[in-house]
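Chemist: One structure coming up, written as structure tokens, with questions to follow.
The values are calculated or read from the model by the stated rules, or taken from the named source; none is laboratory data. From a predicted model like this one, the values you see are computed outputs, not experimental measurements. With ideal geometry, Cβ positions are generated from the backbone for all residues, glycine too; neighbour counts draw on all protein chains shown.
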Amino acid sequence: MNDRDIQTPKTTGRTTRRWLIPLSGTLLLLIAVGALLHQYQTEIANTLLDRALRNQPAHITAMSGLNADTQHATIDSISVVLSEPAIEMTLNQVELTYSWASLIARRVEAVRIDDIRVTLLQSEDSLTEGTLQTGRVSVDCARTGICQIVANGGGSVNTEILLPGSSDPTPLRFGWTQPIRAAWVSASQFTASLSLQADSLSLPPLPLQSMPVQLDLAVSRTGDELRIDASAHLPADRSLQINASHEISTGRGSGQFTTDGFVFTELFPLSALVSLPDETDIIAGQLAAQAQLTWLRPAGGEFELQGPIDVQAQNLSGYFGDTVFTRLGVYMKAELLPDWQLRTREPGSAALTAVDPGIELEYLSTRFTLDTRNSSVQLIRPQATVFDGIVSAEQINWQPGTPEHFEIQLQRIDVARILGLSAYQQVQATGRLDGRLPVELLNTTAVINGGKVTSIPPGGSIRYRGGRFGGSNQNMELVNQALQRYDYSSLDATINYSATGDLNLDISLQGISPLLNNGQRINLNLTIADNVPELLSSLQAGRSVQDALSDHLQRR
């Protein structure tokens, strides 16, 4: 080994010391001069901070009350403006702790801030104006090289955000009392956890009620990936779990969203969660959902969200308008499309114990598909129990503005149950009916032309206990006498139902009346006309939907 080999590292060491020693001396001199010359402290600190921030999207706008020594510095107030994103930040009662080593490394070992106020300025992104305020914040960057932050003093956020698909900003307000904890090595590697409590959280573009929300949130970033794990706790043990990741550079992300089950009761109905039309609510049952969504937010492009959504409802009971329903169950595998539309991935299933718009329908069931892109719904083999018989169809397709033709099958309809309605209390009858009803459906208007109903052998009987009808001629007198007690062997009816709700039944009866000529055989032709909407209104009149629903729940 020669002298040149030995001398080279010594020269390098001297060169390093040449800039370290002046730097250390300069820092010491600045701090010492700052401690001795109080009137120049702010100017010295501003100069140092401005140089430190020279290559950053930030600058100091104001600072007051600086005091410094060789280990500590305190600042009454410091204001910073960040241009990306547009933020104004005010830090009050700041205390910095440092050492010779940390000063040489151009960092402090610890920071304590008693109060932070952040103003979020108008931007072209989803965030608009707002403020954030927090209590005491402590930062420790000593020895490990990993900075840790703890915010113990609680805080609040009052801001507005622009939700995807909305043209107007949405107010967002929440606060927290539990500590916020975070740790980071750099801006591209950090972790944070916090627990937020919103006393009244609402998002006006969405039909959500204002309600208290507890949010437990864990956020981490490693390189380009941002990871979020959150639990939102709503009243009555309702919760939402979120596990998501997002690539910052590409704007792509994916996440799983899960509800363990929203349980509805009379004390916590659906209306406590979402805004509903008047006289509409769900007061029993539970709803669970799971979604595996992906999203893309390209620079300057529209936000896209898509992915599978599974929904399961059990025993939902409630009312809409004057109609009550009990124990609705739904299972659906759907897909959210990029244009915020929804379609089923496969036929779903729905079953309902009862629905009562005035006439009780029981044990409804169907398979179904839906597609909101063209507002279409397909019912596959829908079936219900009506008047103790079965009403069914092979398939019903519904789409606004498109006429649909299908046939309803009637099996073993009980005549006694039909006439048991309060509108026909003067008539008693027995017997069962089969039939078919050709239906033309346009939007929500149904028309029936030439429906046929036929009695099932051996027929039945009719007992009319009302007043006289049809005039006083001889034929009508015969009808009045015959219907007081009439045993029919066959009943055939033609049914027509108009778009205005007018129902016409042309009935042909063959049978005998024991009250006439010792059981003389008599054939009767009757026409019955009624308006179905008016009939249903009369059956609903005076009843409380809440009382009717309670009655249905108690009976089942």
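Chemist: Just one of Leu305, Leu273, Leu316 is of a type outside the set (S, T, N, Q) and modelled with pLDDT of 90 or more; which is it?
Modeler: Step by step, each of Leu305, Leu273, Leu316 is checked, and only Leu316 is of a type outside the set (S, T, N, Q) and modelled with pLDDT of 90 or more.
Chemist: Suppose we filter Asp278, Asp310 for residues that are assigned to a loop (DSSP other than H, G, I, E, B) and either free of Cβ contacts under 8 Å to residues at least 40 places away in the same chain or among the aromatic types (Phe, Trp, Tyr) (or both); which single one remains?
Modeler: Answer to the check: Asp278.
Chemist: Would you confirm, using the coordinates I've provided, whether Thr402 is modelled with pLDDT of 90 or more and either buried (at least 17 other Cβ atoms within 10 Å of the Cβ) or closer than 24 Å to Ser317 by Cβ (or both)?
Modeler: no
Chemist: Report the residue count in segment 309-366 for those that are within 23 Å of Asn397 (Cβ to Cβ) and of a type in the set (S, T, N, Q).
Modeler: Total meeting the criteria: 5.
Condition check ((1) at pLDDT 90 or above; (2) in contact with a Pro (Cβ under 9 Å, 6 or more places away or on another chain); (3) under 30 Å from Leu370 (Cβ atoms)) across all residues:
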| position | (1), (2), (3) |
| --- | --- |
| Gly420 | no, no, no |
| Gln428 | no, no, no |
| Asp434 | yes, no, no |
| Glu440 | yes, yes, yes |
| Gly451 | yes, yes, yes |
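Chemist: Something else: Scanning segment 60-93 for residues that are within 17 Å of Leu132 (Cβ to Cβ) and among the β-branched types (Val, Ile, Thr), which turns out modelled with the lowest pLDDT?
Modeler: For segment 60-93, the residue satisfying everything is Ile87.
Chemist: Quick check on this structure: which one of Ser349, Ser254 is out of contact with any Asp or Glu (no Cβ under 7 Å at 6 or more places or on another chain), under 29 Å from Val391 (Cβ atoms) and either among the polar types (S, T, N, Q) or outside any strand (DSSP E or B) (or both)?
Modeler: Ser349
Chemist: Which condition breaks for Gly358 when tested against (1) assigned to a loop (DSSP other than H, G, I, E, B); (2) within 23 Å of Val311 (Cα to Cα); (3) more than 25 Å from the chain's Cα centre (by Cα)?
Modeler: (2)
Chemist: On the given criteria, is Leu305 part of a strand (DSSP E or B) and within 21 Å of Asp237 (Cβ to Cβ)?
Modeler: Criteria not met by Leu305.
Chemist: Filter segment 327-354 down to residues that are surrounded by 16 or more Cβ atoms within 10 Å (Cβ to Cβ) and more than 20 Å from Leu379 (Cα to Cα), then give me how many there are.
Modeler: Count: 2.
Chemist: Another question about this same structure. Could you identify the single residue in Arg345, Arg412, Arg381 that is under 24 Å from the mean Cα position of the chain (by Cα) and at pLDDT 90 or above?
Modeler: Residue meeting the stated conditions: Arg345.
Chemist: Of all residues in segment 363-377, which are touching a residue at least 24 places away in the same chain (Cβ under 8 Å) and either more than 26 Å from Leu536 (Cβ to Cβ) or surrounded by fewer than 17 Cβ atoms within 10 Å (Cβ to Cβ) (or both)?
Modeler: Of everything in segment 363-377, those that are touching a residue at least 24 places away in the same chain (Cβ under 8 Å) and either more than 26 Å from Leu536 (Cβ to Cβ) or surrounded by fewer than 17 Cβ atoms within 10 Å (Cβ to Cβ) (or both) turn out to be Thr369, Leu370, Asp371, Thr372, Arg373, Asn374, Ser375.
Chemist: On the basis of being at pLDDT 90 or above, surrounded by fewer than 16 Cβ atoms within 10 Å (Cβ to Cβ), in contact with a Ser or Thr (Cβ under 6 Å, 6 or more places away or on another chain) and among the small types (Gly, Ala, Ser), does Ala288 make the cut?
Modeler: yes
Chemist: Step by step: first the residues of segment 405-415, then only those that are hydrophobic (A, V, I, L, M, F, W, C) and part of a strand (DSSP E or B), then the one that is nearest to Ser513 (Cα to Cα). Which residue is that?
Modeler: Ile413
Chemist: Also, quick follow-up: Picking from Ile390, Ile418, which residue would you name as being surrounded by 15 or more Cβ atoms within 10 Å (Cβ to Cβ) and not in a strand (DSSP E or B)?
Modeler: Exactly one residue qualifies, and that residue is Ile418.
Chemist: Read through the list (1) surrounded by fewer than 17 Cβ atoms within 10 Å (Cβ to Cβ); (2) touching a residue at least 40 places away in the same chain (Cβ under 8 Å); (3) of a type outside the set (Lys, Arg); (4) touching a Leu at 6+ places or on another chain (Cβ under 6 Å), then give the number of the only condition that Ile396 fails.
Modeler: The one condition Ile396 does not meet is (1).
Chemist: A further question on this structure: Kindly provide the set of residues from segment 422-454 that are assigned to a loop (DSSP other than H, G, I, E, B) and crowded, with 17+ Cβ neighbours inside 10 Å, ordered by number.
Modeler: Passing the criteria: only Gly431.
Chemist: Looking for something surrounded by 14 or more Cβ atoms within 10 Å (Cβ to Cβ) and in contact with a helix residue (DSSP H, G or I) (Cβ under 8 Å, 6 or more places away or on another chain) - is there at least one such residue anywhere in segment 250-259?
Modeler: No: segment 250-259 contains no residue that is surrounded by 14 or more Cβ atoms within 10 Å (Cβ to Cβ) and in contact with a helix residue (DSSP H, G or I) (Cβ under 8 Å, 6 or more places away or on another chain).
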